Every structure is written in C-alpha cells, then in structure tokens.
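Visitor: One structure is given below, represented as structure tokens, and several questions about it will come after.
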Amino acid sequence: MSEDPLSIALSDPGKTRAPMAASPMPPVVVLGAGLTGLSAAYHLRRPTVLVERGPEVGGHARSTRQCGFTFDVTGHWLHLREPQTRALVAGLFAPGELVSVERRTRVFTHGALLAYPFQANLHGLPLEVVQECLVEFIAARERAARGEQPARSFEAFAEARFGRGIARHFFVPYNTKLWGMHPNQLTAEWVSRYIPVPEVAQVIGGAIGVPQEGLGYNASFLYPRDGGIDALPRRLAAGLPVGTELVLGSDVEAVDPARRRVKLSAEAQWRDYHALVSTIPLPELVRRIVDAPPAVRAAADALRWVRWRWLDVATRVRVPVDYHWVYVPETRYPFFRVGVYSNAALSMAPHGCSSLYVELSEREGAVDVPAVLQALVEVGALASVDDVLFTAERRAEHAYVVFDDAHGPATRTILEWLESVGIRSCGRYGAWVYNAMEDCLIAGREAATWAEGQVRKVRS
C-alpha cells in the first residue's frame with residue numbers, strides 16, 4: 001500500500017519538498033506552527049524556516065483520537081467572514097470535505113435550558129428573574145440616554161449595555177468561572193465583536209417566549225466532515241511552498257535581534273534570519289530575546305493569562321441534547337461550558353455514541369470526576385453517569401489572555417519595540433489578543449506581507 005502523501009509531508013518534509021534553494025539572503029524564520037505560523041509560511045514565497053516545539057503542527061487547533069472517539073482542544077468551530085480566507089480554506093479542501101453547520105447553542109441556568117444569547121432569551125426563567133432583568137435593562141438604557149459613562153471594567157460594560165439583572169444572573173458569574181477572577185478586574189477591550197447586543201424588541205420578544213436565535217458573529221460554522229479540526233493545520237502544512245523547511249520538536253532557546261539570528265534547542269548552531277515572525281506567547285518570546293530593554297521585560301512580566309483544564313468525555317449512547325455547546329453560569333456547577341463534538345460531526349464518535357468536552361472552573365488540584373459527571377446529569381447533558389465509557393483530563397497552559405489595566409500599555413510597549421528590531425509578533429498569543437481561528441489565518445497572511453516588505457527594503 002502506498003504511503004499517505006499528507007503523512008509523509010508532515011513526518012519528513014524533505015520527501016515531498018525540494019531542498020531550499022541557495023539564496024544570498026537569510027530565510028524568513030517563523031516561530032510556532034499553529035494556524036498563524038502556518039498561514040504565514042503558506043503565504044510566503046521565499047525561503048522560510050517554520051519552527052514548532054511540538055511533535056506536530058496545529059498549536060491549539062489539534063485533535064486527539066482514542067477508541068474511535070475524536071476530541072479537539074475544546075470547541076474549535078471555523079467561522080469565516082472574509083472572502084480571502086473563505087477562498088483559502090476552500091482551496092485546501094475538496095467539495096464536501098467541510099460541512100456548514102447552523103449553530104445550536106444554549107444557556108442552562110435556574111433549572112432552565114434557554115436559547116443563546118441569555119440577554120435576548122429570558123423566557124423560561126423564574127418570573128421574578130425575568131422582571132428584574134427587564135426592569136434593569138430599561139434602567140440601563142435610561143442611564144445611557146442621560147449620557148452616563150460606565151467605568152472601564154467588563155462588569156461595568158455588562159451593566160451599562162444589558163442592565164444589572166442580566167449582568168448579575170449571567171455575565172458576572174459566567175465570566176468569573178471562565179476567567180478565574182471577578183469581571184471588575186477585566187477591561188471590556190475584547191468584547192465588542194464577541195458579545196451580541198440585541199435590540200430592545202429582541203430583548204422583549206425573548207422575554208415573552210419568541211426565540212431570538214442566530215445572534216452573534218458565529219451563527220454558523222464550518223467543520224471537517226470526517227472529524228477533527230486538525231485537518232485544517234494539516235492541509236496548510238501539506239500546502240507549504242516548495243523549499244519551506246519545517247522543523248518539528250524544537251523549542252526556541254534564544255533570539256538575538258541585533259545579529260538577526262535564533263538558537264533552536266535541537267541544533268548546536270545559531271540560524272540567521274532576514275525577518276522573524278513569532279507566534280509563540282508574547283511573554284515567552286521576550287524572555288528568549290538577548291538584551292531586551294528593561295522596560296520591555298517589565299511589560300512582559302505584567303502580562304497575565306488563563307490556564308485551561310477540561311475533560312474529554314466519551315459515552316456509549318447518544319447524549320440527550322442536540323446543542324453544540326451550552327453555557328453554565330451558576331457557580332454550583334463545576335464547569336462553565338459543555339460542548340458536544342459529535343452533534344456537529346457524527347464522525348467524532350462511533351455510531352450511537354457521543355464525544356463531549358467539559359470546561360472546568362477549577363484549574364488546580366485533582367478533578368472530582370464523579371462529581372463532574374453527576375453535575376452533567378443535573379444539567380441534562382448526560383442521561384446517566386453509567387453512559388460514560390471513559391474520561392480524559394486535558395490541560396493547556398495558555399488559553400485566554402487577560403485584559404486587565406496592564407494589558408494595553410504592556411502590549412503596546414512590547415510590540416512597538418519588536419517591530420523596531422525587525423520582529424513581527426502576531427496571532428492570539430503572539431499579539432496577546434482575543435480572536436478566532438480566521439483571525440489567526442489573516443494575521444499570518446499579513447505577517448507574510450510584512451516579511452516580504454522587509455526583504456524589499458534591503459534590496460531597494
């Protein structure tokens with residue numbers, strides 16, 4: 001049987017790509033082969049070295065397979081809004097390999113399973129809660145009409161836009177669980193695109209029982225029919241230009257911008273570069289830079305992030321819910337979001353089974369798996385704990401970056417200095433932002449354009 005060309009390309013790029021052509025100019029070096037790094041290398045048309053410390057490409061857009069079940073690094077649903085990225089993705093997959101899925105999302109609170117978003121679907125809550133939310137929503141609009149300006153915190157944003165009732169019953173408890181800190185410690189920089197702001201008619205309609213669905217930036221998404229979001233980075237890797245050198249299993253020990261070189265852990269010698277694109281976490285990059293200014297190091301030390309811990313859950317029967325994910329704001333439950341991969345793609349689980357992810361509120365200590373499973377039964381995500389075949393605990397060091405008061409000044413200080421020394425740091429963790437997979441693809445493409453410009457500057 002012939003070898004799979006995609007597997008060959010990922011395990012030994014030299015088998016499918018010609019050796020890098022001799023060039024009078026050092027290559028562009030890209031650090032990190034997540035979606036941003038892959039996109040940068042994919043769009044570059046000159047000698048490029050793509051470095052990844054892990055054994056495979058993908059970053060957080062990877063998948064794990066076990067006993068016929070497939071699990072991603074929690075929900076990775078591909079939302080595309082820009083024609084150029086739609087064309088890119090369409091060129092990576094044959095017709096029918098990606099399916100378009102209409103989002104089914106819910107909120108479980110006060111014993112009720114509500115449509116998403118909470119602020120536009122209050123019907124089903126206790127009447128006194130509905131009344132509180134509506135009265136406070138009107139009060140918030142009156143304050144806005146008087147020109148009152150809210151404080152900068154995320155809590156203040158939620159109260160100003162939706163009222164104290166909706167903030168108290170959803171935004172504050174949910175985001176406290178997600179971020180591991182009270183929303184009054186967060187700014188609202190990141191929310192403008194990601195939190196739906198319904199019209200008055202939608203809030204009222206949702207309160208009296210007229211479902212308000214399809215709101216928000218991700219009303220539909222694409223997903224591989226055969227299961228596993230890792231298909232996207234693998235296709236990007238297989239489509240890298242001839243001459244791209246993919247270095248797997250090598251961390252970055254040091255970056256010397258003055259001499260334009262990097263030291264990789266897997267190699268004895270330094271590598272020269274003409275332009276450096278970094279997608280590794282911003283504070284990790286700064287720690288590796290030789291002679292970074294004290295102000296830049298101090299700014300990196302001020303950056304904070306959220307660690308992630310979740311359970312992958314495999315069941316022997318189909319789960320009794322049809323949603324793709326559900327938000328769970330109440331603090332009495334040990335998780336804040338539960339997703340069902342196999343409701344988006346049946347191939348994510350064997351026939352008649354389901355695969356789920358359960359994002360946990362606590363980041364430290366032993367996971368009380370029986371308690372988590374019982375809570376899943378209580379919120380209706382499982383019919384019985386006996387339906388569970390196995391669970392697996394997963395962790396990620398960097399998940400969400402924290403938007404506190406230090407975030408803006410610190411990232412500006414670091415990114416401006418990096419650009420001044422010929423380094424482009426981009427992507428979710430490279431730019432230290434909150435974004436979606438499409439944004440990473442765009443950031444990589446823009447980084448490739450920047451790197452090409454660096455080369456033209458030298459030649460002109």
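Visitor: If you check Thr109, Thr85, which single one turns out to be of a type in the set (S, T, N, Q) and more than 18 Å from Leu232 (Cα to Cα)? Can you show your working first?
Guide: On the way: Thr85 fails: more than 18 Å from Leu232 (Cα to Cα).
Within the list Thr109, Thr85, the selection yields Thr109.
Visitor: With buried (at least 20 other Cβ atoms within 10 Å of the Cβ) and not assigned by TED's automatic domain parsing to the domain that holds Gly37 as the only criterion, which of Ala443, Ala381 stands out? Write out each step before concluding.
Guide: Working: Ala443 fails: not assigned by TED's automatic domain parsing to the domain that holds Gly37.
Answer to the check: Ala381.
Visitor: Same structure again: Are there any pairs with C-beta distances below 6 angstrom linking a residue in segment 364-389 that is over 11 Å from Val338 (Cα atoms) to a residue that is assigned to a loop (DSSP other than H, G, I, E, B) and among the charged types (D, E, K, R), with the two at least 6 apart or on different chains, and if so which?
Guide: So the pair list comes out as Asp387/Arg316; Leu389/Arg316.
Visitor: A follow-up question, please. What is the residue count in segment 64-121 for residues that are within 21 Å of the chain's Cα centre (by Cα), crowded, with 17+ Cβ neighbours inside 10 Å, more than 19 Å from Leu441 (Cα to Cα) and not polar (S, T, N, Q)?
Guide: Total meeting the criteria: 7.
Visitor: Okay, next question. Return yes when Gly339 is touching a His at 6+ places or on another chain (Cβ under 9 Å) and either small (Gly, Ala, Ser) or modelled with pLDDT under 95 (or both) and no when it is not. Show your work before the answer.
Guide: Numbers: touching a His at 6+ places or on another chain (Cβ under 9 Å): yes; either small (Gly, Ala, Ser) or modelled with pLDDT under 95 (or both): yes.
Yes: the conditions hold for Gly339.
Visitor: Which condition breaks for Leu373 when tested against (1) in contact with a helix residue (DSSP H, G or I) (Cβ under 8 Å, 6 or more places away or on another chain); (2) within 21 Å of Ala300 (Cβ to Cβ); (3) not hydroxyl-bearing (Ser, Thr, Tyr)?
Guide: Exception for Leu373: condition (2).
Visitor: Scan segment 275-282 and tell me whether some residue there is part of a helix (DSSP H, G or I), aliphatic (A, V, I, L, M), in the same structural domain as Glu446 (by TED's automatic domain parsing) and more than 26 Å from Arg45 (Cβ to Cβ). Please lay out each step first, then the result.
Guide: Taking segment 275-282 first, the residues part of a helix (DSSP H, G or I) are 282.
Filter again for aliphatic (A, V, I, L, M), leaving 282.
Filter again for in the same structural domain as Glu446 (by TED's automatic domain parsing), leaving 282.
Filter once more, so that each one left must be more than 26 Å from Arg45 (Cβ to Cβ): 282.
Yes, some residue in segment 275-282 is part of a helix (DSSP H, G or I), aliphatic (A, V, I, L, M), in the same structural domain as Glu446 (by TED's automatic domain parsing) and more than 26 Å from Arg45 (Cβ to Cβ).
Visitor: Right, something else. Count, please, the residues in segment 197-209 that happen to be in a loop (DSSP other than H, G, I, E, B) and closer than 17 Å to Val129 by Cα.
Guide: To start, the set of residues in segment 197-209 that are in a loop (DSSP other than H, G, I, E, B) comprises 197-199, 209.
Checking which are closer than 17 Å to Val129 by Cα leaves us with 209.
Residues in segment 197-209 being in a loop (DSSP other than H, G, I, E, B) and closer than 17 Å to Val129 by Cα: 1 in total.
Visitor: Show me the strands (runs of 3 or more DSSP E) found entirely inside segment 283-353 where at least 3 residues are closer than 30 Å to Asp251 by Cα. Write out each step before concluding.
Guide: Numbers: elements: 305-315, 325-327, 335-340.
Because the criterion is at least 3 residues that are closer than 30 Å to Asp251 by Cα, the strands (runs of 3 or more DSSP E) in segment 283-353 that meet it are 305-315.
Visitor: Answer yes if at least one residue in segment 428-443 is in a strand (DSSP E or B), in contact with a strand residue (DSSP E or B) (Cβ under 6 Å, 6 or more places away or on another chain) and aliphatic (A, V, I, L, M), and no otherwise.
Guide: The first filter runs over segment 428-443 and keeps only residues in a strand (DSSP E or B), leaving none.
Looking through segment 428-443, none of the residues is in a strand (DSSP E or B), in contact with a strand residue (DSSP E or B) (Cβ under 6 Å, 6 or more places away or on another chain) and aliphatic (A, V, I, L, M).
Visitor: OK, next. Can you tell me how many residues in segment 304-318 are surrounded by 15 or more Cβ atoms within 10 Å (Cβ to Cβ), more than 18 Å from the chain's Cα centre (by Cα) and touching a residue at least 40 places away in the same chain (Cβ under 8 Å)? Outline the logic, then answer.
Guide: Applying the first criterion (surrounded by 15 or more Cβ atoms within 10 Å (Cβ to Cβ)) to segment 304-318 yields 304-306, 308-315, 317-318.
Filter once more, keeping what is more than 18 Å from the chain's Cα centre (by Cα): 313-315, 317-318.
Checking which are touching a residue at least 40 places away in the same chain (Cβ under 8 Å) leaves us with 313-315, 317.
Total meeting the criteria: 4.
Visitor: Could you pull out the residue among Tyr434, Tyr429 that is in contact (Cβ under 8 Å) with a residue 40 or more places away in the chain, buried (at least 22 other Cβ atoms within 10 Å of the Cβ) and not assigned by TED's automatic domain parsing to the domain that holds Trp179? Outline the logic, then answer.
Guide: Details: Tyr434 fails: buried (at least 22 other Cβ atoms within 10 Å of the Cβ).
Answer to the check: Tyr429.
Visitor: Still on this structure, I have one more. Quick check on this structure: which one of Val73, Val99 is out of contact with any His (no Cβ under 9 Å at 6 or more places or on another chain) and either in contact (Cβ under 8 Å) with a residue 40 or more places away in the chain or within 16 Å of Ala345 (Cβ to Cβ) (or both)?
Guide: Details: Val73 fails: out of contact with any His (no Cβ under 9 Å at 6 or more places or on another chain).
The unique qualifying residue is Val99.
Visitor: Could I ask something else about it? Just name the residue that is surrounded by the fewest Cβ atoms within 10 Å (Cβ to Cβ) out of those in segment 229-263 that are in a loop (DSSP other than H, G, I, E, B) and basic (Lys, Arg).
Guide: Restricting attention to segment 229-263, the residues satisfying the condition of being in a loop (DSSP other than H, G, I, E, B) are 229-230, 239-244, 249-251, 257-260.
After this cut, where a residue has to be basic (Lys, Arg) as well, the list is 259-260.
On the way: Arg259: 11, Arg260: 19.
The residue in question is Arg259.
Conditions (1) within 20 Å of Trp325 (Cβ to Cβ); (2) more than 23 Å from the chain's Cα centre (by Cα); (3) assigned to a strand (DSSP E or B), marked per residue:
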{"residue": "Arg363", "(1), (2), (3)": "yes, no, no"}
{"residue": "Val377", "(1), (2), (3)": "yes, yes, no"}
{"residue": "Thr391", "(1), (2), (3)": "yes, no, yes"}
{"residue": "Phe403", "(1), (2), (3)": "no, no, no"}
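Visitor: If you don't mind, another one. Quick check, is Val172 free of Cβ contacts under 8 Å to residues at least 40 places away in the same chain, surrounded by 18 or more Cβ atoms within 10 Å (Cβ to Cβ) and β-branched (Val, Ile, Thr)? Explain how you work it out, then say what you get.
Guide: Working: free of Cβ contacts under 8 Å to residues at least 40 places away in the same chain: yes; surrounded by 18 or more Cβ atoms within 10 Å (Cβ to Cβ): yes; β-branched (Val, Ile, Thr): yes.
In short, yes.
The values are calculated or read from the model by the stated rules, or taken from the named source; none is laboratory data. Just so it is clear, the model here is predicted, and its values are computed rather than measured. Here the Cβ is made from the backbone with ideal geometry for all residues, glycine too, and neighbour counts use every protein chain on show.
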